[in-house]
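Reading through the structure tokens given below for one structure.
The values are calculated or read from the model by the stated rules, or taken from the named source; none is laboratory data. The structure displayed is predicted, hence computed values, not measured ones. Cβ: placed from backbone, ideal geometry, glycine included. Neighbour counts: every protein chain shown.
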Amino acid sequence: MQPNAKIYRTKLGDKDIIIETGKLAGQASGALTIRQGDSLIFSAVTMGEPREGLDFFPLTVDYEERMYAGGRIPGSFFRREGRPTSEAVLTARMTDRPIRPLFPDGMRNEVQVMLMSLSADTENPLDIIAINAASAALMISDIPWAGPVGAVRIGYLNDELIVNPTFSQMEESKLDLIVVGTKQAIAMVEAGANEVTEQIMVEALELAHQSIQPIIELQEQMAREIGKPKREVDLAQTDTALIDRVQAQIKDRLLEILSKPYTKENLYGGISDLKKALVEEMTADKAEELTETEYKALKKTVGNAFEEAEKSIIREKILNERVRPDGRRPDEVRDIWCEIDFSPRAHGSGLFTRGETQVLTLATLGTPRDAKEMDSLIPTDSKKRYMHHYNFPPYCTGETGRLFTSRREIGHGMLAERALEPVLPDESEFPYTLRLVSEVMSSNGSSSMASTCGSTLALMDTGVPIKRPVSGVAMGMVKQDDNYVILTDILGMEDHLGDLDFKVTGTTEGITALQMDIKISGITTAIMSEALEQARKARLHILEIMLKTIDKPRADIKDHAPRIEIIKVPVEKIGAVIGKGGETIRDIQETTGTRIDIEDDGTIFISSTDGVGYKAARERIERLTEEVEVGRIYTGKVVRTTDFGAFVEILPGTDGLVHISQLDTSHVQNVTDIVKVGDEITVMVTNVDNQGKVRLSRQALLEGWTLEEAQAQDSGGKKSSNRGGDRNSRGGRNRR
């Protein structure tokens, strides 16, 4: 039986959005497709039963990037999709962040949101469509959820903000801003920018929130008309009475800990000891009454109540006294120290320490061959010459655990990459592939921003001619009704207990990246403007300290780094450099100790760790690709003799004819009386005709003639003392 599909339409900016449901995946809790242009995303959401023993909400968001959507076959060995690309992981993260807070507190049912590309054109980005698809699928499902949310991208082109720009527009845009929000407020922001001002960013945020209202209203309409009744779920209950009892018992002791001079041991160690003592106090008399399992559960419950009470007490102190857990003022940045040239053999390194957060970034320069091959549905260059990787090992927080690259690490690395990309030099100016790796050595708040700062130091230590240095800072906020405090350079504790996580990077000229997650509703434009201005002052303060370590990029790269030089050859000469089966280029690389990369337009990159190898390689390539110049003198080898003259190879693969009349100063009876195959002789080029045939003269050099005299002689002038040979024979040949 053919399903009865339902179609809904709206606009996002000036583009039509078409949502269709009821046709696909009928057994999912909610399923639909969203189409913009020829880009089409499918979303299905499902919910399972509660998982026992969990004290968190098990939500999974997966985005499957299918290559068939763009009419392509995957480039992997197996020719099928494998692990998600970084772009797919980022889309999944951007979907997860705004929808997660809208599920009921205490929900423990497993929920899965599946997103899949079914069609991808080259104009309409899939990430925004995916976020809207997930929200709409949840709205019509039977899964409890307090949505909807709407997502939009804002660009900035020709001094104008653009709603829902296409890929082609984004190529010239100074801003790539993704905003997700509810009807009342903004919930999530992700942005890359080419040094835009705080004012433009605020205007873009306002425009974004206005622009998502139609798609939010459409989802509300869908829920009313076709939405399933929401299922009843058991929620983990919060024992408010227990939290109140705990708060009464720990408040004075916790405030005493907070009043001590800040050290990590005093603060975190003191709170940990207080928690252990309280749990023991409140559960000791129950040890004999309860089973082992029940007793462990009770201790866990009391521990959770402690964390809620701790959060309430610290928030109250910040709001009422404007004093933070480590004693800082709201706008105060922790102590900073920096170092460069940490690794003797890395091409560049920067160590950035802010409080207990420390990141070591190491830079590597590679040739164009080292660029990352792109295999995604995003229409972009096939190669990526700048990569930033971020590692967050367990020891950086004093813990144990297994090593793997999590979605968080991919997201933090991409944030730092986006922050630095606008200041990198163009490939024509600095033809290297760049890889930065940020190793988090210690973490207590915003290691991603420390990665940005450490990477700026590493780039300058490497000698990369960046346009301007970049710094970054993480902001937070505590808000209760109309009372709020914006916090600069937040601790991990403040990130956990606060209502806003706000990361900003930029130069002295403007913002280069922005990431924001808002945990509450009601953040006004005025508050956002205040937070951006406070962040601007903080990042400029941080930048000032960084520049005391190194204030500009090194004048030259280090001795052990590869040196790349660019030469340009005619496209038709590329084959001469490569040689048959690559024989010539391999020989050049092996004998000169260089690495050579050739682009289709004739651009050749020669990389070497010493100047000698580069010069030798360049000379050989120039010889291979050199054009024959009339009037120039060459020394070449005789490759063939005939009755009417000798063919001499004057350049690799190119030879010309010395007519018998031009071999000597006197009459020549036989060519072989003067030269034989294999002999080296010096000749002048007297002519190159339209077919590329080259005429040579040995006599011109022996007689001391000028080019004009040689050309006159070769064409029948009076100075001839030797007119033998066939004057209608071939004038030369190109043996390629």
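Just name the residue that is surrounded by the most Cβ atoms within 10 Å (Cβ to Cβ) out of those in segment 579-607 that are acidic (Asp, Glu) and not in a helix (DSSP H, G or I). Break it down stepwise before answering.
Taking segment 579-607 as the starting set, the residues that turn out to be acidic (Asp, Glu) are 583, 587, 590, 597, 599-601.
Filter once more, so that each one left must be not in a helix (DSSP H, G or I): 597, 599-601.
Details: 597: 18, 599: 13, 600: 7, 601: 9.
Applying the filter and picking the extreme gives 597.
Residues of segment 255-269 include at least one that is aliphatic (A, V, I, L, M), under 17 Å from residue 321 (Cα atoms) and under 43 Å from the mean Cα position of the chain (by Cα). Taking residue 319, is it touching a Phe, Trp or Tyr at 6+ places or on another chain (Cβ under 9 Å) and outside any helix (DSSP H, G or I)? Judged against the criteria, residue 319 is not a match. Every listed requirement among (1) at pLDDT below 95; (2) within 17 Å of residue 15 (Cβ to Cβ); (3) in contact with a helix residue (DSSP H, G or I) (Cβ under 9 Å, 6 or more places away or on another chain) is met by residue 162 save one, (1).
So which residues in segment 637-652 are assigned to a loop (DSSP other than H, G, I, E, B) and farther than 22 Å from residue 667 by Cα, if there are any at all? Even if it seems obvious, please write down each step before you answer.
Initially, segment 637-652 is screened for residues assigned to a loop (DSSP other than H, G, I, E, B), giving 643-644, 652.
652 - this is the single residue of segment 637-652 that is assigned to a loop (DSSP other than H, G, I, E, B) and farther than 22 Å from residue 667 by Cα.
If the condition is being assigned to a loop (DSSP other than H, G, I, E, B) and closer than 17 Å to residue 225 by Cβ, then segment 1-11 contributes 3, 4, 5.
Apart from one condition, residue 438 fits all of (1) out of contact with any helix residue (DSSP H, G or I) (no Cβ under 6 Å at 6 or more places or on another chain); (2) under 28 Å from residue 605 (Cβ atoms); the exception is (1). Checking each residue in segment 269-315 for being touching a residue at least 60 places away in the same chain (Cβ under 8 Å) and not polar (S, T, N, Q) picks out 300, 302, 305, 306, 308, 309, 310, 311, 313, 314, 315. Taking segment 609-623 as the range and being crowded, with 17+ Cβ neighbours inside 10 Å and modelled with pLDDT under 85 as the test, the residues that pass are 613, 614.
One line per residue, one yes/no per condition, for (1) assigned by TED's automatic domain parsing to the domain that holds residue 576; (2) of a type in the set (Gly, Ala, Ser); (3) assigned to a loop (DSSP other than H, G, I, E, B); (4) modelled with pLDDT under 95:
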| site | (1), (2), (3), (4) |
| --- | --- |
| 669 | no, no, yes, yes |
| 672 | no, no, no, yes |
| 687 | no, no, no, yes |
| 692 | no, yes, yes, yes |
| 709 | no, no, no, yes |
| 716 | no, yes, yes, yes |
| 720 | no, yes, yes, yes |
| 725 | no, yes, yes, yes |
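For the list (1) under 27 Å from residue 268 (Cα atoms); (2) in contact with a helix residue (DSSP H, G or I) (Cβ under 7 Å, 6 or more places away or on another chain); (3) part of a helix (DSSP H, G or I), I need the number of the one condition that residue 390 fails. It is condition (3) that residue 390 fails.
Residues considered: 450, 416. Of these, the only one that is in the same structural domain as residue 497 (by TED's automatic domain parsing) and farther than 30 Å from residue 74 by Cβ is 450.
Please work out if residue 275 is out of contact with any Phe, Trp or Tyr (no Cβ under 8 Å at 6 or more places or on another chain), basic (Lys, Arg) and either assigned to a helix (DSSP H, G or I) or in the same structural domain as residue 363 (by TED's automatic domain parsing) (or both). So residue 275 does not fit the description; no. All conditions but one from (1) free of Cβ contacts under 8 Å to residues at least 40 places away in the same chain; (2) assigned to a loop (DSSP other than H, G, I, E, B); (3) acidic (Asp, Glu) apply to residue 501; the one that does not is (2).
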